[in-house]
């Protein structure tokens, strides 16, 4: 997995690419999310367009980011959720937990 | 053992999650050669990583000297993946129901639930010398 990020309209956007399955790659995303929180960046979008799939480790990282941000009056939103990840969110009922948008632009507007 | 060892259709890794990409690449390469579509390959790959993480952490307790082996096979009707750890046997199903509302925000505990959802069968055989997982995906 590769990870890039940028800021737009006061929102921090993370763009992981590849697969999120645990090990060092997953640690990278986890640390980046918590770095945002530590720096007071409370509005975060994860653009999943480049993520082929993730397993429960990836889902756990998203939940960790979501709950930590919410506990700090922030919000985490998802954009461009791929079919495979959407299917996992549905199976695990996490579709009821995350706000997901069809594009980063739509996610940006929702803040 | 200092890294992954591949022999025919089996990969053996030390108990370290850093080797998950090696397992994934190995398994996906074989599944692509079998001509499976991308969605099915992803279902199997996700499931394999779930079980291997369980085997490393809960089975082998992340003891580097203990290994996890993953073997990929194809029968006339199914893909069968066998994953074996060297732990003292554990029941990975002994977790709270991850889709209960009270558990939705828990960061862990979904792995085996996901495997059961994505695969057609999951057999778990714990023993004092290790746990053997057999994952089956039927060929349509």
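Screening residue B:45 with (1) within 14 Å of another protein chain (Cβ to nearest Cβ); (2) surrounded by 19 or more Cβ atoms within 10 Å (Cβ to Cβ); (3) under 18 Å from residue B:87 (Cα atoms); (4) in contact with a strand residue (DSSP E or B) (Cβ under 9 Å, 6 or more places away or on another chain) gives one miss only, at (3).
Using the structure shown, decide if residue B:108 is at pLDDT 95 or above and within 14 Å of another protein chain (Cβ to nearest Cβ). Taking the combined requirement at face value, the residue does not satisfy it.
For the range B:1-22, the set of residues classified as surrounded by fewer than 24 Cβ atoms within 10 Å (Cβ to Cβ) and in a helix (DSSP H, G or I) consists of B:17, B:18, B:19, B:21, B:22, listed by residue number.
In the set A:38, A:102, only one residue is at pLDDT below 95, over 13 Å from the mean Cα position of the chain (by Cα) and surrounded by fewer than 20 Cβ atoms within 10 Å (Cβ to Cβ); that residue is A:38. Can you say whether residue B:108 is surrounded by 13 or more Cβ atoms within 10 Å (Cβ to Cβ) and more than 14 Å from the chain's Cα centre (by Cα), as far as the supplied structure shows? Here the answer is yes, as residue B:108 does meet what is asked.
Restrict the check to the range A:87-106 and report whether at least one residue is part of a loop (DSSP other than H, G, I, E, B), in contact with a strand residue (DSSP E or B) (Cβ under 7 Å, 6 or more places away or on another chain) and within 30 Å of residue B:116 (Cβ to Cβ). The answer is yes, given that some residue of the range A:87-106 is part of a loop (DSSP other than H, G, I, E, B), in contact with a strand residue (DSSP E or B) (Cβ under 7 Å, 6 or more places away or on another chain) and within 30 Å of residue B:116 (Cβ to Cβ).
Residues in the range A:8-35 that are within 8 Å of chain B (Cβ to nearest Cβ) and either surrounded by fewer than 19 Cβ atoms within 10 Å (Cβ to Cβ) or assigned to a strand (DSSP E or B) (or both): A:19, A:24.
Conditions (1) at pLDDT 95 or above; (2) within 19 Å of residue B:16 (Cβ to Cβ); (3) outside any helix (DSSP H, G or I), marked per residue:
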residue: B:64; (1), (2), (3): no, yes, yes
residue: B:68; (1), (2), (3): yes, yes, yes
residue: B:71; (1), (2), (3): yes, no, yes
residue: B:80; (1), (2), (3): yes, no, yes
residue: B:86; (1), (2), (3): yes, yes, yes
residue: B:89; (1), (2), (3): no, no, yes
residue: B:93; (1), (2), (3): no, no, yes
residue: B:97; (1), (2), (3): no, no, yes
residue: B:102; (1), (2), (3): no, no, no
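Checked against (1) in contact (Cβ under 8 Å) with a residue 40 or more places away in the chain; (2) closer than 30 Å to residue B:48 by Cα, residue A:107 passes all but a single condition, namely (2).
For the range A:58-82, filtered to residues that are at the interface with chain B (Cβ under 8 Å from one of its Cβ atoms) and either without any contact (Cβ under 8 Å) to a residue 24 or more places away in the chain or within 19 Å of residue B:28 (Cα to Cα) (or both), the residue that is surrounded by the most Cβ atoms within 10 Å (Cβ to Cβ) is A:60.
The values are calculated or read from the model by the stated rules, or taken from the named source; none is laboratory data. None of these values were measured; they are calculated from a predicted model. Here the Cβ is made from the backbone with ideal geometry for all residues, glycine too, and neighbour counts use every protein chain on show.
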